Every structure is written in C-alpha cells, then in structure tokens.
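Accompanying notes for the structure given below.
The values are calculated or read from the model by the stated rules, or taken from the named source; none is laboratory data. Computed from a predicted structure; not experimentally measured. Because the Cβ atoms are built from the backbone with ideal geometry, glycine has one as well, and the counts that use them run over all protein chains shown. Ligands, DNA and RNA are stripped out before the accessible areas are found, and what is left, the full protein with its side chains, is counted by its heavy atoms. Shrake-Rupley method; radii C 1.70, N 1.55, O 1.52, S 1.80 Å.
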Amino acid sequence: MNKAPLPAVIPVGSGRTLTRAEFLSLLNTYNCYLKDQTQLHLTYSQGHGGQVIVEGFLNISWGVRRPIRLKIQDEKQILPLDPISPLGSKSTMSRWGEYSELHQIDEMAETEAAQETVVKDPLPGPPVYETATLRPMRHRSPELEPESNLVRCMSDVSLVKRRKGRGKSAAQREKEKQHRFSINGHFYNYKTSIFTPSFDTSTKVRISSRMTTGQVIEQLLNKFKIENDPQEFALYCVHQSGEKRKLSHRDHPLWERILQGPSDDIMKIFLMDMHEEEISNVVAQYLNLELPILDQFLLKLREEENREIQRVINK
C-alpha cells in the first residue's frame, strides 16, 4: 500500500465520492471478509495527482445465453503463411492461416490410410494401377475398411492436428493444453469450440478501479481466448432482492463491488448478453412475493379501477 496521505474526498465514479474514513472502512471490511484468501485482498496506491487506484481480483459470474466461440489457437503459436498461399499475406490471416500446405491433406490422408492397411494374399502378376497417376492398386482388408473410411471422412482440422501432434510427449501435450485458461474445465476443442458456459458459474479477473466496464469485458474475453465481439456483452449487478441493473460503459466495476461489499450473497456481477432486460428494485420486490399475495394485489387494483369507472359514469 502507498503510505502517502490519502485525499479527504475520493471519487468512485458516476459522480459519487467517499470520504477517507469511508474508503478505508470499506476496504478493511472487504479484506477482512476474505481473510483466509489473501491473494484476493484489494490493495490501493496513488497515481499522478493523488488519484486513488485500487487493484485486485473481481469475481464475475457467467450469465450469457448465446454461444461463445473460442479461438482456434493462441496468437503466440501462429505460424507464418506460405508465400504462395492463396489465403493472402500475414496481415490478412484467417482462422486457417496458421496452417500451410493444406492442399496436401487429401494426399496425406490417402498415404496414411495406405500405410495402415494390411494386404493379405497379394495376387501374382504385373502390378495393377488404379488411375493415370500410376499409383499402385491398394488391396484393403474387409476388417479394416470401416477404419479406412473414417480416416477419409475426418475433417481438415483433425488431419492437421494429427499431423502436428505426432512426435510429442504426453508432458508436452499437457503443457500446451494448460497454456490457456479453461472455462470451468472446458478447454478449446475443435469439436466444441462453440458452447455456452453454465449459468452462474464464476471466474476471476484481475483489474483496477480505473478500468471501465468495456475494458473489464475485454480483459475477461482475452483471458479465455474468446473470439466474440466485446460489444455483444454487458455487465449486470444482480442483487439478492432480484434487482438487475446494467452497468454503463462509464461505470467502474471494481468500485461497484467495493461499495456493495465482497459477499456474492448480497450482489453478484454477471456477464450477460447486451440486451438482457433490467429489473428495477420496485419490480423485484413483487417478484419475491407468493402468488396468493399477488392475487390480492390484483383484486384491489380491479376494485379501484371499477370505482373510478363508476365515478366517471356518474358525472
């Protein structure tokens, strides 16, 4: 922590301020609540002009309804394009740009299938060729025919992954797998690269109080190598009462967390779709009522409406 004296009034975003005593009290309460998890404690420092900057981990829950797309490969592992590749230059790299010699995949698949096929009782005589390319006719075993068909039906992605993955030890493969973070144990897989995280599962991202809502969303998406546009999502404060409020792009999520306290039982911050409906505090109070009580409210409203109608008719 910075030992320089704190200013008497500390701005916390959206035109709100805290006194020095209020800020220190909230910070101490926050860290005391997480006393057994010192790595999650918040720290503060002072920047230029005496601005108070708080840093630490923010707990964010997944609440998206649309599928998210994981990147096919980490940026630092991308290979340069072949100069003669029709896909273009490195500056216009596409999802498949990191792989070269894709035109050889079909030939490679057939060669591998030929190597894995066992020829039984070859017929005597001159060699027989199947096409004008003078490739010898391959005699496939009936038992291995389904396996050969499976190899031919594999996508280009799987063939490239087989080609690039051969010769690696188990430790190397595990290290590459752990290179990126997982979303509740879900690592990138070319078959399941598009999926929806389980609702209300949480993750943590390290941020500062200077970061706005949009910057926090970008930080979260970059952590998990998510391709979706950050503009597709928004952060919502969901309270225990049922109130759901959308944070604007000018808000600072870490200050919102500090002001509400560290307990997720009181308030959670959710990553949701941009156009998720908000719920005001007044409406949230009725959502928690039992149906018989709500029926009584509706009955009273109908009676008042009928009396008002009758009063207008009598005039």
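Points worth noting:
- Residue ID - surrounded by the fewest Cβ atoms within 10 Å (Cβ to Cβ), chosen from residues in the stretch 227-266 that are of a type in the set (Val, Ile, Thr) and out of contact with any Leu (no Cβ under 6 Å at 6 or more places or on another chain): 266
- Boolean, residue 277 is under 25 Å from residue 198 (Cβ atoms) and either open to solvent by 100 Å² or more (accessible area, probe 1.4 Å) or in contact with a Lys or Arg (Cβ under 7 Å, 6 or more places away or on another chain) (or both): yes
- Within the stretch 31-63, the residues that satisfy the criterion of being closer than 15 Å to residue 209 by Cα and outside any strand (DSSP E or B) are 40, 41, 42, 47, 48, 50, 51.
- Taken over the stretch 12-30, the criterion of being farther than 19 Å from residue 212 by Cα and open to solvent by 20 Å² or more (accessible area, probe 1.4 Å) is satisfied by 19, 20, 21, 22, 24, 25, 26, 28, 29.
- Residues in the stretch 203-217 that are open to solvent by 10 Å² or more (accessible area, probe 1.4 Å) and over 15 Å from residue 45 (Cβ atoms): 5 in all.
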